[in-house]
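Heads up: the structure comes next, in structure tokens.
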Amino acid sequence: MGILENFFQDIFNIKSVIMALITVGLITLMMIMTYILAQRTVRLSRPYTIIVDLLEAGVVVGGVVVLRQTFLVLNGGSVLSWGYAIAQLMVLLFSLYAMQTLAVTIVNLAMPLVFYAASLRLGASPQRWWLFATMTVILFGVIIYISRHQTLALDSEWHFLLLQLLYGLTWCLIIWSVRPYHLFYMVNVLVIFILYMWIIRFFVTRINQVINHFARLSQAANYDELTGVRNRANFDTTTVGVFGVYRRHPTKPITMAMFDIDHFKYFNDEYGHLAGDAVLKHVAQHFDQELVRQTPHGELFRYGGEEFVIIFEDTSPADAQIAVTAIRETLKQHPVHLDNQKLTVTVSIGISALQPTDINFDSWFKRVDHYLYLSKQSGRNRMTVEGQTRHL
């Protein structure tokens, strides 16, 4: 009975309550940050997404450090507590389910090695190295599996239970390999750990449902259903903000490029409206994907029909021309495949920067639209930049 009393005194006391609140706070912050970053990284190029992944891993490591330092203060300079161990495992395991990045997986893989090295440095015996090695291999397998099948694990209760049991059990035996304890503790630790993670799973799945619901509403309100790029309503909202930024920082160039698909009516008349939809989708997605590769400052919108607009912030007309030219060249190299036919698509483009003389957005927009008209009037498959039409 003394063992049980000691265990529950370690788990259920005011220090553990404080640790639990801090752990819940860290998990909440991680969840919020993960959602925000997920929205921001959709259009980022690979180097930027790597930075975001490293940022998420840094948050996990920071959370572990915060827990450790907090418990050192609460427990008189010692971290030998099951309450602390459970809190650490919850943060690490939650990060695997929520963040879903290679960097976070690597942090989880590194933690048992860090723990073992720290324990040896503090005087623990390496006598049971074989147990540590065996459990670490099993733990690596569990971590890698979870990192690749997060959704499947969260959706299935029994799947989730088995993974939590394996994760918690291997960690308990890793701890026991360097700091032996009464194995009765392990049963209680696993029960409490699984219970906590089950509660977290409940809230994570419910919050994910709410987030997904609002994400679908946002998608419907701001993105074109056919092409998947931002729509006219989002364009109107964005331009209000862009115009305001320019008024505050007139030295930063803001450029608009407008383009439409050459002879689009021909595609509809000759091949049918489904072909026309395929061409629209192809052009929009090609520009959207290539734009990410060309610059981090461009935003693509479907203005209406076969017309599209790109807003380039902090970009001169010359730089916008370089980016758009590269995209239109690759567009010609990637025709639309339809019923064993290859349909080559070209576009006409107008480009102009926002000027101090533009009293409102309409004056800027009309100028860009006029430059687009000049490109079409010159024979299509042309680009007009600040009034100068280029035959490409």
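The values are calculated or read from the model by the stated rules, or taken from the named source; none is laboratory data. Please read all numbers here as calculations on a predicted model, not as lab measurements. Neighbour counts run over all protein chains shown; Cβ positions are idealised from the backbone, glycine included. The accessibility values were calculated without ligands, DNA or RNA, using every heavy atom of the protein model including side chains. Shrake-Rupley method; radii C 1.70, N 1.55, O 1.52, S 1.80 Å.
A few remarks follow.
- Long-range amide H partners of residue 181 with built H, under 5 Å: none
- Scalar couplings 3J(HN,Hα) for region 385-391, obtained by applying the Karplus form with A = 6.51, B = -1.76, C = 1.60 to θ = phi - 60°, are 10, 6, x, 9, 8, 10, 8 Hz; x denotes Gly and Pro.
- At the residue level, residue 307 shows approximately 50 square angstrom of accessible surface with a 1.4 angstrom probe and all protein chains present.
- HN-Hα J in Hz across region 128-133 - Karplus 6.51, -1.76, 1.60, θ = phi - 60°, x for Gly and Pro: 9, 4, 5, 5, 4, 4
- The calculated FRET efficiency for the pair residue 184 and residue 110, based on their C-beta separation and a Förster distance of 25 Å, comes to about 0.25.
- Under 11 Å, Cβ to Cβ, from residue 101 - net charge with Lys/Arg +1 and Asp/Glu -1: -2
- Using heavy atoms of the protein chains and a probe of 1.4 Å, the accessible area assigned to residue 306 is about 60 Å².
- Per-residue SASA entry for residue 389, accessible area with 1.4 Å probe, Å² rounded to 10: 40 Å²
- Distance (nanometres) between label positions extended 7 Å along Cα→Cβ at residue 378 and residue 158: 6.9 nm
- Partners for residue 332 among aspartates and glutamates (Cα-Cα distance below 19 Å; same-chain residues under 8 apart left out): 260, 262, 277, 288, 290, 306, 307
- Close amide H pairs (under 5 Å, H built 1.01 Å from N) link residue 346 with 262, residues at least 5 positions away or on another chain.
- C-alpha center-to-center spacing [region 318-348, region 252-305] in angstrom: 9 Å
- Förster-model FRET efficiency, 45 Å R0, residue 249 and residue 307, C-beta, rounded to 0.05: 0.95
- Remark: region 226-235, residue by residue, has Karplus-estimated 3J(HN,Hα) of 6, 8, x, 8, 4, 9, 4, 4, 5, 4 Hz, where x stands for each Gly or Pro and the curve is 6.51 cos²θ - 1.76 cosθ + 1.60 at θ = phi - 60°.
- Candidate residues 129, 158, 364: accessible-area rank, largest first, probe 1.4 Å: 158, 129, 364
- Put simply, the amide H of residue 298, placed in the peptide plane, has no neighbours under 5 Å, leaving out anything fewer than 5 places away on its chain.
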